[in-house]
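Participant: This structure is in structure tokens; I'll ask about it shortly.
The values are calculated or read from the model by the stated rules, or taken from the named source; none is laboratory data. Note that the structure is a prediction, hence the values are computed from the model and not measured. FYI the Cβ positions are ideal-geometry reconstructions off the backbone, even for glycines, and counts take in every protein chain you see. Heads up: the accessible areas ignore ligands, DNA and RNA and are worked out on the full protein's heavy atoms, side chains in. Shrake-Rupley method; radii C 1.70, N 1.55, O 1.52, S 1.80 Å.
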Amino acid sequence: MKKFTNSGNIDTRSGFGAGMDELGKTHEDVVALCADLTGSLKLNDFAKNHPERFFQTGIAEANMIGMAAGMTIGGKIPYATSFANFATGRVYDQIRQSVAYSGKNVKICASHAGLTLGEDGATHQILEDLGLMKMLPGMTVINPCDFNQTKAATIAIADHDGPVYLRFGRPSVPNFTEADGKFEIGKALHLVEGSDVTILATGHLVWHALEAAEALEEKGISAEVINIHTIKPLDDEAILNSIKKTRCVVTCEEHNYLGGLGESVSGLLAKNDPVYQEFVATNDTFGESGTPAQLMEKYGLNTKSIVEAVNRVLAKK
Amino acid sequence: MPNTKQLEDFVSQVRRDIVRQVHQVSSGHPGGSLGCTEFFVALYQEVMKRKEGFDMDGKDEDLFFLSNGHISPVFYSVLARSGYFPVEELNTFRKIDSRLQGHPTTHEGLPGIRIASGSLGQGMSVALGAAQTKKLNGDDSLVYSLHGDGELQEGQNWEAILYAAGNKVDNLIATIDLNGQQIDGSTDDVLNMGSVRAKFEAFGWDVLDVEKGNDIEAIIAGLNEAKSRTGKGKPVCILLHTIMGHGVDFMMNGHAWHGKAPNDEQLEKALAQNPETLGDY
């Protein structure tokens, strides 16, 4: 199978910061809003280089989202940033009415999503954000897998007219996609060709899916790995074409199985081509404190969990 | 510029539009709409710098945001009669397939509306954002907003009020409709807010009262005074003392008509108190 090289571990939020640096130079209408988390969102350089386009709202996310909606009136492209919990759940109604229903061109960019923010624990580890955001009509939902892809997605969404939720994280993870690659919203990426099982992964789980495919290959199992960086709109065609070949699927995400990628895939398959599916996701639970690796192990979100899920789904096939 | 008589005629027609819209579908919010009629007429017919037609960006013209979206009947009537869409469309208020939703929205593309409102407490943040964009664009026109007094109970307002003063957003004039009423009763009974003026001042705003909030000349004078205070490093707040239900005697002096429609007989009484001037839709 095709091998991917990790060019060095780095956090996806730094990919966001790098993307913002570039947008600062290339898109003069891009403005950034931040609710007292400039360093955590890697916005220090943008704030330093473009102080007139950087808006510090203080610890007041609801006002930040409303301001971002208002700033679009007159042509700005606001990037409203915070931790994923405070950028979605805390401000759901502000996003719903002032951004989504009002059709405003706001980019909600959220770091520290999922379990892998680690020791801060469940108050900060949102596992419901993809569901919250994908249920909003007109909202595009993107969950890139590494530094390079996060940077590319950050840049690409500036040219998409409409609200976007961009989700990334805190831990250092392998960086393996192409540097300065083009990011196409809604276009799934075939990473590995296979014939026995389809593994659909998003965010941090994509690298684990690649590792799982390698381990499975050693056991004679041919896994197809697809990077679903865009949860909405889902690349129906890529998924259905793969399922046509493999006849079973494992979905992988750092998110509750309710409301996430897996559920979107289930809906697509139930309507078009029902096959057995296994979910690598959290099981309707909150997280807790721990290191990212400990948490991913305890909650079943790592390479080993994907291999086990593949074995389960193959047994049913 | 229209003279006072013309503005008062405009007000009378808008009051008719309000009660007729609400009566036709037996739903909607006449009380706050009637109380703010003079304010809307003053703003759109006299005070705001407006361009012909409508585009969302509204560059080089004043912008208005309605935060307490439930008083949509007065907003729709004044927008229609100010040329944003056909007056006949008021007939579609709250009906299926209409651009005139129960609460205002951009979603159906109604000219004149720049944000959805209805879920309370969000409009000041939106107005602030639009005001910041005007500054970035070097656009020296102003941003106006209107908020209910009960609406100030929503916490997001105070985030926005804090931000606006801390960041010297001085191209914003936020008006509070101080009618002292909300759904469950008087604001004093539901949640006593003490002095709204003292609160805004403590947060660093420049505050002025318009005591006669249903007197068109007094409102115009107040708005012009507020305009003269912009650009001086502080956001400006107008406390507009209105009477809920003003202009329809049996709807005044209480909260009963916040969100209640008149029956046929009540409609006739209300219309008799507000003569047709510009022509009913």
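Participant: For segment A:162-301, what value does the Rg/Rh ratio take when both radii are computed over Cα atoms and Rh is the Kirkwood radius, given to two decimals?
Facilitator: Taking Rg over the Kirkwood Rh, I get 0.95.
Participant: Radius of gyration and Dmax for segment B:1-73's Cα atoms, expressed in Å?
Facilitator: Cα only, segment B:1-73: 13.7, 39 Å (Rg, Dmax).
Participant: May I have the pair-distance distribution P(r) for the protein assembly as shown, computed from all Cα-Cα distances with 10 Å bins from 0 and rounded to whole percent?
Facilitator: Bin by bin from 0 Å, the calculated values are 3, 17, 24, 20, 15, 11, 6, 2, 0.
Participant: Largest first and in whole Å, give the semi-axes of segment A:253-317's equivalent ellipsoid, each being the square root of 5 times a Cα gyration tensor eigenvalue. All intermediate terms of the calculation are to be shown ahead of the outcome.
Facilitator: On the way: eigenvalues 115, 45, 10 Å².
Three semi-axes, in Å: 24, 15, 7.
Participant: With the full set of protein chains in place, find how many percent of the accessible area of the protein assembly as shown is carbon and sulfur; take the probe as 1.4 Å. Walk me through the numbers on the way to the answer.
Facilitator: Details: 10560 of 21860 Å².
So the carbon and sulfur contribution to the accessible surface is 48 percent.
Participant: Which whole-number percent is the relative contact order of segment B:193-241 (Cα, under 8 Å, 6+ apart)?
Facilitator: Working: 56 pairs, mean separation 22.8, N = 49.
Value for segment B:193-241: 47 percent.
Participant: Moving on. Would you tell me the mean number of C-beta atoms belonging to other protein chains that fall within 10 Å of each C-beta in B:103-114, as a whole number? Write out the running numbers ahead of the final one.
Facilitator: Values: counts 1, 0, 4, 5, 6, 0, 1, 0, 0, 0, 1, 6.
Going residue by residue through B:103-114 and averaging, the value is 2.
Participant: How large is ³J(HN,Hα) for each residue in segment B:87-93, as worked out from phi by the Karplus curve 6.51 cos²θ - 1.76 cosθ + 1.60 (θ = phi - 60°), to whole Hz, x for Gly and Pro?
Facilitator: Karplus values, whole Hz, x for Gly and Pro: 4, 4, 5, 4, 4, 9, 3.
Participant: Between residue B:98 and residue A:195, what is the label-point separation in nm under the 7 Å Cα-to-beta-carbon projection?
Facilitator: 6.3 nm
Participant: Something else: Counting just the Cα atoms, what span does segment B:12-165 cover along each of its three principal axes? Round to the nearest Å and put the largest first.
Facilitator: 43, 36, 28
Participant: Where the Cα atoms of segment A:191-242 are projected onto their three principal axes, how long is each span, largest first, in whole Å?
Facilitator: 34, 24, 11
Participant: I would also like to ask the following. Per residue of chain B, what 222 nm ellipticity follows from adding -39500 (n - 2.57) for every DSSP H run with n ≥ 4, rounded to the nearest 500? Each step should come with its number before you reach the end.
Facilitator: Working: 10 runs with 104 residues, N = 281.
Theoretical 222 nm ellipticity from helices: -11000 deg cm²/dmol.
Participant: So, in Å, what gap is there between the alpha-carbon centers of segment B:1-78 and segment A:28-94?
Facilitator: Spelled out, the Cα-based centre of one part sits 32 Å from the other.
Participant: Sticking with this structure for a sec: Roughly how compact is segment A:10-173, stated as its Cα Rg over 2.2 N^0.38 Å to two decimals?
Facilitator: 0.91
Participant: Over all Cα pairs of chain B, how is the pair count split among 5 Å bins, expressed in % and running from 0 up to the last occupied bin?
Facilitator: Calculated over all Cα pairs of chain B, the distribution is 1, 6, 13, 18, 20, 18, 13, 7, 3, 0, 0 percent.
Participant: If packing is taken as the average count of other Cβ atoms within 10 Å, what order do A:4-10, B:99-105 fall into, highest mean first? Display every interim value, and only then the final one.
Facilitator: Values: A:4-10: 13.7, B:99-105: 20.7.
Per-residue mean Cβ counts within 10 Å order the peptides as B:99-105, A:4-10.
Participant: Among A:55-65, A:198-208, how do they line up from the highest to the lowest mean number of other beta-carbon atoms within 10 Å? Before the final figure, lay out each step's value.
Facilitator: Numbers: A:55-65: 24.3, A:198-208: 28.7.
In descending order of packing, they fall as A:198-208, A:55-65.
Participant: So which GluC sites (Glu not before Pro) in segment B:199-233 are both in a DSSP loop and have at most 13 other Cβ atoms within 10 Å of their Cβ?
Facilitator: Numbers: sites: B:201, B:211, B:217, B:225; in loops: B:211.
Sparse-neighbourhood loop GluC sites (Glu not before Pro): B:211.
Participant: For chain A, what is the largest minus smallest coordinate of the Cα atoms on each principal axis, given in angstrom and ordered from greatest to least?
Facilitator: Ordered largest first, chain A gives principal extents of 58, 38, 35 Å.
Participant: Please compute the average number of Cβ atoms from other chains found within 10 Å of each residue's Cβ in peptide A:74-85.
Facilitator: Values: counts 17, 6, 7, 0, 3, 0, 1, 0, 0, 0, 0, 0.
Per residue, the average neighbour count from other chains is 3.
Participant: Related question: Give the average, rounded to an integer, of partner chain Cβ atoms located within 10 angstrom of each Cβ in A:90-103. List each step's numbers first, then the result.
Facilitator: Values: counts 0, 1, 0, 5, 6, 0, 2, 11, 10, 3, 2, 8, 10, 7.
Mean partner-chain Cβ count within 10 Å for A:90-103: 5.
Participant: Right, something else. Output the relative contact order of chain A, whole-number percent, from Cα pairs under 8 angstrom with separation of 6+ residues. Numbers along the way, then the final one.
Facilitator: Numbers: 745 pairs, mean separation 58.5, N = 317.
Rounded, it is 18 percent for chain A.
Participant: What whole-number distance in Å separates the alpha-carbon centres of segment A:213-234 and segment A:280-317?
Facilitator: Their Cα centres are 15 Å away from one another.
Participant: Now for a separate question. Amide H neighbours of residue B:141 under 5 Å, at least 5 residues apart or on other chains, H built in the peptide plane: list them.
Facilitator: Correct list: B:60.
Participant: Hey, what number do you get for chain A at 222 nm if only DSSP H runs of n ≥ 4 count, each worth -39500 (n - 2.57), divided across all residues, to the nearest 500? Can you show the working numbers first?
Facilitator: Details: 11 runs with 110 residues, N = 317.
Calculated mean residue ellipticity at 222 nm is -10000 deg cm²/dmol.
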